[in-house]
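Engineer: Have a look at this one.
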Amino acid sequence: MRISVLAWGSIVWARRNLAIITDFEPTGPRLPIEFCRVSRDGRLTLVIEEVFGAPCIAYSATSGFDNLDAAIENLRDREHMPSPEGIGFTIPDRGRQSARAVECHPRAVKVITAWANSKGFDAAIWTALGSNFAEKAREPFSAEAAIRYLETRNGKTLDAALTYIQRAPPEIQTPVRVAVNTRWPEAFQSSLTGLKPGQVRFGIRG
């Protein structure tokens with residue numbers, strides 16, 4: 001079984017124990033993605049979001065496993081999830097998809113299924129978490145609300161949040177990324193000076 005692992009966030013640049021036999025490349029399907037999930041450490045992370053996500057090209061790599069359950073477990077472990085329910089999957093020729101993914105982003109599942117079939121993959125897997133912004137930030141999501149949320153962060157917490165947004169692949173261009181670049185332009189200068197993101201503090205103002 002040939003399995004694609006789809007990614008758009010930190011897995012692209014920090015795969016850790018994820019077993020893949022090809023590098024991640026921006027060859028995946030176009031999916032609605034946005035920085036709209038609040039992580040445990042306070043960052044705004046990227047997820048598929050069909051209401052306000054921006055269409056972006058996802059990255060794809062081929063899993064080092066040819067067994068779907070093993071590939072899902074490997075991705076679950078990389079994402080530090082308590083159970084595999086948060087891992088989306090589709091098997092095009094069997095018409096099987098994960099219930100969680102269909103519940104969170106049904107249109108994206110159809111797009112991924114068609115893409116996987118067209119590329120000759122027997123299955124595709126991805127992190128199928130949804131937005132929790134309204135719950136965590138206590139207001140509806142918008143790019144402006146995301147900025148207000150980030151302005152409540154400080155010190156290392158804000159540095160980590162901005163580093164994540166800066167390090168996102170260049171294909172991931174969203175309203176939040178544009179708004180953050182406008183609000184904290186100095187946070188994005190390391191990419192122009194040759195410094196690796198996260199190696200220095202950003203010197204955040206206000």
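Engineer: Would you please name the residue that is farthest from Ile87 (Cα to Cα), looking only at residues in region 123-141 that are in contact with a helix residue (DSSP H, G or I) (Cβ under 7 Å, 6 or more places away or on another chain) and in a loop (DSSP other than H, G, I, E, B)?
Structural biologist: Result: Glu139.
Engineer: Would you point out the residue of region 116-133, among those that are more than 14 Å from Thr62 (Cβ to Cβ) and over 18 Å from the mean Cα position of the chain (by Cα), that is surrounded by the most Cβ atoms within 10 Å (Cβ to Cβ)?
Structural biologist: The extreme case among them is Asn117.
Each value in this text was obtained by applying a stated rule to the coordinates, not by laboratory testing. These numbers come from a predicted model, not from an experiment. Cβ atoms come from the backbone with ideal geometry, glycine included; neighbour counts cover every protein chain shown.
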